[in-house]
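The values are calculated or read from the model by the stated rules, or taken from the named source; none is laboratory data. No experiment lies behind these values; they were computed from the predicted model shown. FYI the Cβ positions are ideal-geometry reconstructions off the backbone, even for glycines, and counts take in every protein chain you see. All accessible areas refer to the heavy atoms of the entire protein, side chains included, with ligands and DNA or RNA removed. Shrake-Rupley method; radii C 1.70, N 1.55, O 1.52, S 1.80 Å.
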Amino acid sequence: MVAVVGAVVNRPRAVYLVDYACFLPSPTSRFPNATFIEHARLVPAFADDRTIRFMTRVLSSSGIGNETSLPPGDHFIPPDNNLDMARDEAELIIFSAIDELLAKSGVTPDAIDIVVVNCSVFAPVPSLTDMIINRYALRSDVRSINVSGMGCSAGVISVGLAASLLRVLPHAHGAAHALVVSTETITPNLYVGKERAMLLSNLLFRVGGAAALLSTSKDKARFRLAHLVRTITGGGQDSSYRCIFQEEDVDGNVGVILSKDLMSVAGDALKANITALGPLVLPFFEQLRFVANKLVLELARRAGVKPYLPDFRKASLRFVGVKPYVPDFHKAFQHVCIHAGGRAVVDKVQSSLGLSDEHVEPSRMTLHRFGNTSSSSVWYEMAYVEAKGRLRKGDRVWMVGLGAGVKCNSAVWECIRPAAEPDKAWAGCIRRYPVNIP
């Protein structure tokens with residue numbers, strides 16, 4: 001009896017998602033791909049045929065559509081990327097998302113106990129959390145944390161951090177609330193050199209952000225946080241640590257390099273994450289098959305048998321050894337939100353996990369409509385699923401974030417109540433989607 005009571009007392013407090021809201025850029029900030037190339041031709045740093053051809057080729061196969069947005073500073077020729085413009089961009093996105101969230105949830109600012117903001121490469125003083133506290137006149141005892149440098153997976157990291165803080169807050173004043181904001185400020189991070197691996201961030205990243213409200217109370221909640229798993233790969237491995245890396249090029253221009261090893265390292269990070277997540281979400285027999293396969297693979301490795309390698313010496317493709325078993329995650333989740341980092345990222349995750357086209361549709365359509373919005377992309381994807389009317393009570397949504405480090409983070413949400421109407425970001429265009437992406 002004592003053991004049972006102790007287990008109940010020590011059980012972690014449940015954490016719920018009251019609601020979330022995604023930022024909808026103004027039509028005046030739209031930056032079609034043709035405009036991007038036209039501007040690039042007029043900027044001395046990019047204006048050589050070789051660089052323009054590279055940009056054109058990448059954009060044409062990126063999966064990014066012509067309705068994505070860039071901040072006002074990038075619309076100038078040459079771009080105006082000063083600190084004031086960066087702050088203006090951050091304030092516009094963050095305040096707009098929070099205003100929409102508070103209106104949807106009916107929660108007032110004085111009910112917020114925790115504020116967590118993640119923005120990877122823009123960390124002004126005072127911080128972005130201070131900016132929010134000042135704007136909304138939050139309580140003097142609010143806990144605030146500013147997360148930087150964590151890359152595109154930081155949205156899930158921030159949810160995990162906020163959930164952990166909610167669980168340890170005193171129970172005395174009833175339900176506790178945590179405001180989580182995920183964004184990336186584009187203005188100060190435009191790369192003005194010619195290194196191709198550093199130009200990629202210019203081509204893929206676009207304006208976006210999202211705000212989410214977590215609570216320890218089920219009242220008004222629309223989702224329950226079922227699981228959150230964080231993994232990082234590359235401890236002691238420079239190829240992993242440096243595959244997403246901010247540095248200067250030979251001419252002293254600062255940018256973020258996306259190395260050729262990124263897809264391979266991201267695959268390893270995803271593998272590590274699903275190995276940790278699998279036992280929490282997969283049915284028993286699916287877990288059994290996965291564990292048995294790992295055991296066989298280990299025995300094969302010790303016996304010197306190469307696992308599932310193609311024999312290219314033969315006219316027909318033939319495989320030798322033991323094939324790694326990929327768990328059937330269709331049995332664990334109804335919906336998947338993969339970070340829309342780029343077409344190659346979505347392709348890699350889809351092929352690695354054997355996901356259907358419908359499972360990755362939210363990621364591809366988010367990439368097409370909004371571009372790579374960094375850590376907030378998974379929220380745009382969940383909003384897409386809801387806007388299409390596909391979410392049902394009891395459905396599980398798997399958020400997968402991939403980012404610098406290299407980190408792979410997963411959040412599993414269980415739907416309590418689907419949205420009554422589409423999120424503002426998708427409301428005006430959802431009828432046009434899905435679109436065909438060549």
*If you go through the range 230-251 one residue at a time, do you hit one that is of a type outside the set (Val, Ile, Thr), assigned to a strand (DSSP E or B) and crowded, with 20+ Cβ neighbours inside 10 Å?*
no
*the range 116-153, residues that are over 24 Å from Val378 (Cβ atoms) and part of a helix (DSSP H, G or I)*: Asp130, Ile133, Asn134, Arg135, Tyr136
*asked:* So the check is Cβ under 8 Å with 6+ separation or different chains; which pairs have a first residue in the range 37-50 that's within 16 Å of Gly73 (Cα to Cα) and in a helix (DSSP H, G or I) and a second one that's of a type in the set (A, V, I, L, M, F, W, C) and open to solvent by 30 Å² or more (accessible area, probe 1.4 Å)?
replied: His39/Ile77; Ala40/Ala47; Leu42/Ile77
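Which one of Gly371, Gly403 is under 18 Å from the mean Cα position of the chain (by Cα), within 21 Å of Ile274 (Cβ to Cβ) and of a type in the set (Gly, Ala, Ser)?
Gly403
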*Determine if the range 327-348 includes at least one residue that is among the polar types (S, T, N, Q) and either modelled with pLDDT under 90 or farther than 21 Å from Ile274 by Cα (or both).*
no
*Examine the range 176-184 for a residue that is crowded, with 23+ Cβ neighbours inside 10 Å and under 30 Å from Leu42 (Cα atoms), and state whether such a residue exists.*
yes
*Any chance you could count how many residues in the range 77-99 are open to solvent by less than 50 Å² (accessible area, probe 1.4 Å) and modelled with pLDDT of 95 or more?*
10
*Tally the residues that are in a helix (DSSP H, G or I), over 21 Å from Ala21 (Cα atoms), hydrophobic (A, V, I, L, M, F, W, C) and in contact (Cβ under 8 Å) with a residue 60 or more places away in the chain, restricting the search to the range 166-197.*
1
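Please determine whether any residue of the range 123-137 is among the basic types (Lys, Arg) and in contact with a strand residue (DSSP E or B) (Cβ under 7 Å, 6 or more places away or on another chain).
The answer is no, given that none of the residues of the range 123-137 is among the basic types (Lys, Arg) and in contact with a strand residue (DSSP E or B) (Cβ under 7 Å, 6 or more places away or on another chain).
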*For residues in the range 147-161 being open to solvent by 30 Å² or more (accessible area, probe 1.4 Å) and among the aliphatic types (A, V, I, L, M), which is modelled with the highest pLDDT?*
Leu161
_Filter pass, Val296 being over 20 Å from Leu402 (Cα atoms) and either at pLDDT 75 or above or among the β-branched types (Val, Ile, Thr) (or both)_ = yes
*Scope the range 367-393; condition among the hydrophobic types (A, V, I, L, M, F, W, C) and in contact (Cβ under 8 Å) with a residue 60 or more places away in the chain; matching residues*: Leu367, Phe370, Val378, Trp379, Met382, Ala383
*asked:* Need the failing condition index for Ile64 against (1) surrounded by fewer than 17 Cβ atoms within 10 Å (Cβ to Cβ); (2) β-branched (Val, Ile, Thr); (3) in a loop (DSSP other than H, G, I, E, B), just the number.
replied: (1)
*Is it true that some residue in the range 359-369 is crowded, with 17+ Cβ neighbours inside 10 Å, under 30 Å from Lys260 (Cα atoms) and of a type in the set (Val, Ile, Thr)?*
yes
*Mind telling me which of the residues Ser144, Ser164, Ser215, Ser140 ends up being among the polar types (S, T, N, Q) and either open to solvent by less than 30 Å² (accessible area, probe 1.4 Å) or at positive phi (or both)?*
Ser215
*Hey, does the range 101-115 have a residue that's within 21 Å of the chain's Cα centre (by Cα), under 24 Å from Ser376 (Cβ atoms) and in a helix (DSSP H, G or I)?*
yes
